[in-house]
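Report on one structure; see the data block that follows.
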Amino acid sequence: MLVPFLIMVREGVEAALIVGIIAGYLRQTGRSQWMPLVWIGIAVAALLCLGLGIALDLVSADFPQRQQELFSAVVGFVAVAMLTSMVFWMRKAARSIKGQLHDSIDAALKGSNASGLALVAMVFFAVAREGLESVFFLLATFQQASGLAAPLGAVAGLLVAVGVGLSIYWGTLRLDLRRFFRWTGAFILIVAAGLLAGSLRSLHEAGLWNGLQQIAFDISPVLPLDSPLGSVLGGIFGYQDAPTLGEIGLYLCFLVVTLPLFLIGSNAPRRLPSNA
């Protein structure tokens, strides 16, 4: 439950920040009449992402076991790629995102007959980017979890993100966005490493990967995966009580490469908008 909650908070705040900047600029420049189009862009993107998630889940339910494992692996790899690119993109783009969005709004509303459509498209793609990342992450998470805890965590995280976004927009909450994105980004990379190892395991169960299947270590007598603590660690960090050499190697290699790059880059001076 914790991982979907935190991911949805992060994704939701990121989307709310972008929408808040757009809405705030429209209000400050006397263009509030365009706000209905902003809501249309948000609604279309949200419905598209929701529909895609439901469709993929329904389609995968009819797959035979081997195809289900392959689907789980593919979704996991896509989720890792999208989550990783997202945290690095936000680290880079946050320095100038407010100015870029203001310039894009001015360009979209320059008197062209298609200006309204351009604004809808801008909001749509901003929200759809975060939504699609969330869809693939949640699908990968739900493939490796059971019960209602993960969906409830995702819904709770989305509601918190909406509240945070509204508070930032109205200026009632001052959030240290630089620190927020830094630490949630590092957490997402650790989660992505677990998804990556789980995807390799799914490839093996689908019969497509048989290398490095020797057990690296077995601590199931000390901390079994089905214990309360083991379940929590498995859900958050992808913990396995008897991982293979391939899973451990992939997990560590991913973190050794991505975490230092992300954290070193995050220490560079930058300015993030604290409100819209």
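No value in this document is a laboratory result; all are computed from the given coordinates. What you see is a predicted model, and the numbers here were worked out from it, not measured in a lab. Because the Cβ atoms are built from the backbone with ideal geometry, glycine has one as well, and the counts that use them run over all protein chains shown.
Normalised by the number of residues in the stretch 2-266, the average gap of Cα pairs under 8 Å and 6 or more apart makes the relative contact order 32 percent. In terms of overall dimensions, the stretch 47-100 has a Cα radius of gyration and Dmax of 16.0, 50 angstrom.
Nearest 20 debye, what's the magnitude of the dipole of the chain about its Cα centre given +1 on Lys and Arg Cβ and -1 on Asp and Glu Cβ? List each step's numbers first, then the result.
Details: 17 positive and 15 negative charges, 286 e Å.
Around 1380 debye, computed over the chain.
Selection among 100, 15, 75 by position relative to the dipole of the stretch 2-266 gives 100 as farthest towards the positive end (Cβ unit charges, Cα centre). Close amide H pairs (under 5 Å, H built 1.01 Å from N) link residue 244 with 216, residues at least 5 positions away or on another chain. Modelled label positions at residue 152 and residue 237, each set 7 Å beyond Cα in the direction of Cβ, lie 2.5 nm from each other. Among 192, 216, 128, the largest mean-square fluctuation in a Gaussian network model of the chain (Cα springs under 10 Å) belongs to 216. Calculated from the structure, Rg and Dmax of the Cα atoms in Å equals which of [x] 20.4, 70; [y] 23.1, 93; [z] 23.3, 75? The listed entry that was calculated here is [x].
Comparing Cα centroids, the stretch 219-260 and the stretch 4-28 end up 32 angstrom apart.
Mean Kyte-Doolittle of at least -0.5 and a Cα length of 24 Å or more along the axis: which whole DSSP H helices of the chain meet both?
2-28, 35-61, 65-93, 115-143, 149-170, 177-205, 245-266
Taking the Cβ of residue 156 as the centre, find all other residues whose Cβ is under 15 Å away and add up their charges (Lys, Arg: +1; Asp, Glu: -1).
Details: positive: 10; negative: 11.
In short, 0.
Rounded to the nearest 0.05, what FRET efficiency is calculated for residue 213 and residue 28 with R0 set to 51 Å and r the Cβ-Cβ distance? Walk me through the numbers on the way to the answer.
Values: r = 59 Å, r/R0 = 1.16.
Result of the calculation: an efficiency of 0.30.
Which one of 125, 219, 63 has its Cα pushed farthest toward the positive end of the charge dipole of the stretch 2-266, where Lys and Arg give +1 and Asp and Glu give -1 at the Cβ? Checked the options; the winner is 125. Using a Förster distance of 30 angstrom, determine the FRET efficiency expected from the C-beta separation of residue 248 and residue 59, and round it to 0.05. With R0 = 30 Å, the Cβ-Cβ based efficiency is 0.40.
On a full-extension model of 0.36 nm per residue, what is the gain between residue 222 and residue 110, subtracting their alpha-carbon distance, rounded to one decimal in nm? Could the numbers behind the result be given before it?
On the way: separation 112, 0.36 × 112 = 40.32 nm, distance 6.56 nm.
Fully extending the segment from residue 222 to residue 110 adds 33.8 nm.
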